[in-house]
Structure formats: structure tokens, C-alpha cells
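Undergrad: Got a structure here, written out as C-alpha cells. Questions coming.
The values are calculated or read from the model by the stated rules, or taken from the named source; none is laboratory data. Every value quoted in this text rests on a predicted model; they were computed, and no experiment measured them. Methodologically, a virtual Cβ is constructed for each residue, glycine included, from the backbone with ideal geometry; neighbour enumeration extends over all protein chains shown. Ligands, DNA and RNA are stripped out before the accessible areas are found, and what is left, the full protein with its side chains, is counted by its heavy atoms. Shrake-Rupley method; radii C 1.70, N 1.55, O 1.52, S 1.80 Å.
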Amino acid sequence: MKNLKKVFLAFVMAFAILAVTACSGSEINNVDEDFLEAGYHQYTYKNSIAVNFDLDKRLIQAQSTENAEPTVDKVSTTSMFIPVDRMSLELRALILAEYDIEDKAFTNLTPFTLEEDVDLKVIDGMDYNVYVYGDFETLEDDSIDSKTAVIIEFPSEEYLREVLEVSQVIQAQLEGKVEEDHINGSLLLLVPSNRMTHYDDIVSIFNQSEKE
């Protein structure tokens, strides 16, 4: 049986985005430095779906009652965070499916249906951090041209590679793009669909530390 562990990233704050002053892993540190030098600001997203997931509790519920349905979390209405929330629902459902616990939230709250018989080899919990790098320019007509990069920091590159293999949400986000452009060690880059004007620059900054 997989190692059962409680995962907590931080206290729950729905749609909370808090400025942070430091990062832990060397990969995110390097990428952080490159984005800050390019004029971006860094924020962290407290994903309530990942924060609230407690596999130990779900297994105890499954043993003691037939009602082991996880709390249904509301998916963010902010476009940059919708893929993150949907990925979280998908991974939660896949993890629970391995223990024969049905989680209907992913199918109910997204346009996807959970894949059946997915064999998870690395993923055994929801353990990742989400960072946002943002910048903007004021155009001649006084409108705002925003630049946004969403970076998910996984515990390992192996974990990230398995997410790429099993997640319909992430596969849809990277459709038509060069997958390796969005991978830097254990980091995964997502560029919101409404921020694609600066896509090439964002990808270049994200991969700068790999080229040095």
C-alpha cells in the first residue's frame, strides 16, 4: 500500500494570492530570479483543493461509512487558476480511485470525465506549490497589457512527468505547444489562454536557467 500522508500547504484561503519573499527549491529560486529581473512580481496561490486533501481521513471514512465523498470544492472563476483547480480535482479523484473511493467532483465541475484504470506510479498525494509571475504595461490608449505566468512546483520531476502522462487537464493546456518548453526540472509552466500575447517571452524567461 502506498505511503499515506497528510498534505498541507497552508491554511485555506479561497482564491487567496499572497506576495511571498522567498522560495525553497533551487529550481524555483533560479526561475524566480529570472522573472524578477525581467520586471515581474511573484505571488503564490493557495489552492484550497490541494490544501484540504487528506488521504488518511478519506481512507478512514471509507472504512467506517459508505459516505466517503470528498468535499466538493468550487473551481476558481479566475482564468489563470481554473487549470490548477481542475488538475487538483483530477489528481484527487485518481488517487482516491486507486482505493476504490469514488470522487465525482472532477466530472461534475469540469468538462472532462475521469479516466478509468489509471495506474499511478509516483503520485501518492497532492503535494505542490503554485506561483504566479505577473507584469503589465500601460498602452497608448491607457488600456492594460498584462503578462502572466503560472508555475506549478512539484516534489520531483518524476511526479511532474506522471502528471503530464495522466492529466487530461494539463494535456489540454499544452495541446499544440512544445511540451518541453513548459518543463524546467520539477517546474511546470502554464500560460493563461488570455495572456498568450507574451507567450514567447514568458517561455524564454522560464527556460533561461536551464540554458545557463
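Undergrad: Please verify whether region 150-165 includes one or more residues that are in contact (Cβ under 8 Å) with a residue 60 or more places away in the chain and among the hydroxyl-bearing types (Ser, Thr, Tyr). Lay out the reasoning, then the answer.
TA: The first filter runs over region 150-165 and keeps only residues in contact (Cβ under 8 Å) with a residue 60 or more places away in the chain, leaving 150-153, 163.
From what's left, among the hydroxyl-bearing types (Ser, Thr, Tyr): none.
The answer is no; no qualifying residue exists.
Undergrad: A further question follows. With respect to Ala172, determine if the residue is more than 24 Å from Glu115 (Cα to Cα), small (Gly, Ala, Ser) and modelled with pLDDT of 95 or more. Even if it seems obvious, please write down each step before you answer.
TA: Values: more than 24 Å from Glu115 (Cα to Cα): no; small (Gly, Ala, Ser): yes; modelled with pLDDT of 95 or more: yes.
So Ala172 fails the test.
Undergrad: Also: Criterion first (surrounded by fewer than 17 Cβ atoms within 10 Å (Cβ to Cβ) and among the charged types (D, E, K, R)) does Glu90 satisfy it?
TA: Working: surrounded by fewer than 17 Cβ atoms within 10 Å (Cβ to Cβ): no; among the charged types (D, E, K, R): yes.
Answer is no for this residue.
Undergrad: Additional query: Quick one: how many residues across region 102-111 are of a type outside the set (Gly, Ala, Ser), touching a Leu at 6+ places or on another chain (Cβ under 8 Å) and either in contact (Cβ under 8 Å) with a residue 40 or more places away in the chain or closer than 14 Å to Val75 by Cα (or both)?
TA: As a first pass, look at region 102-111 and keep what is of a type outside the set (Gly, Ala, Ser): 102-104, 106-111.
From the residues that got through so far, the ones that are touching a Leu at 6+ places or on another chain (Cβ under 8 Å) too are 102-103, 106-107, 109-110.
Among the residues that remain, those that are also either in contact (Cβ under 8 Å) with a residue 40 or more places away in the chain or closer than 14 Å to Val75 by Cα (or both) are: 106-107, 109-110.
Total satisfying the criteria: 4.
Undergrad: Inspect region 180-191 for any residue being surrounded by 15 or more Cβ atoms within 10 Å (Cβ to Cβ), at pLDDT 95 or above and among the polar types (S, T, N, Q) and give the result as yes or no.
TA: For region 180-191, residues surrounded by 15 or more Cβ atoms within 10 Å (Cβ to Cβ), at pLDDT 95 or above and among the polar types (S, T, N, Q): present.
Undergrad: How many of the residues making up region 37-74 are open to solvent by 30 Å² or more (accessible area, probe 1.4 Å), modelled with pLDDT of 90 or more and not charged (D, E, K, R)? Break it down stepwise before answering.
TA: Of the residues in region 37-74, the ones open to solvent by 30 Å² or more (accessible area, probe 1.4 Å) are 37-39, 41, 43, 46, 52, 54, 56-57, 60-67, 69, 71-72, 74.
Going one step further and asking which of them are modelled with pLDDT of 90 or more, we end up with 37-39, 41, 43, 46.
Then drop every residue that is not not charged (D, E, K, R), which leaves 38-39, 41, 43.
Going through region 37-74 one residue at a time, the tally reaches 4.
Undergrad: Can you tell me which residue is modelled with the lowest pLDDT among those in region 133-147 that are open to solvent by 10 Å² or more (accessible area, probe 1.4 Å) and in contact with a Phe, Trp or Tyr (Cβ under 7 Å, 6 or more places away or on another chain)? Give the derivation first.
TA: Residues of region 133-147 open to solvent by 10 Å² or more (accessible area, probe 1.4 Å): 134-147.
With the extra rule that they be in contact with a Phe, Trp or Tyr (Cβ under 7 Å, 6 or more places away or on another chain), the set shrinks to 134-135, 144-147.
Numbers: Gly134: 91, Asp135: 86, Ile144: 68, Asp145: 73, Ser146: 83, Lys147: 90.
The selected residue is Ile144.
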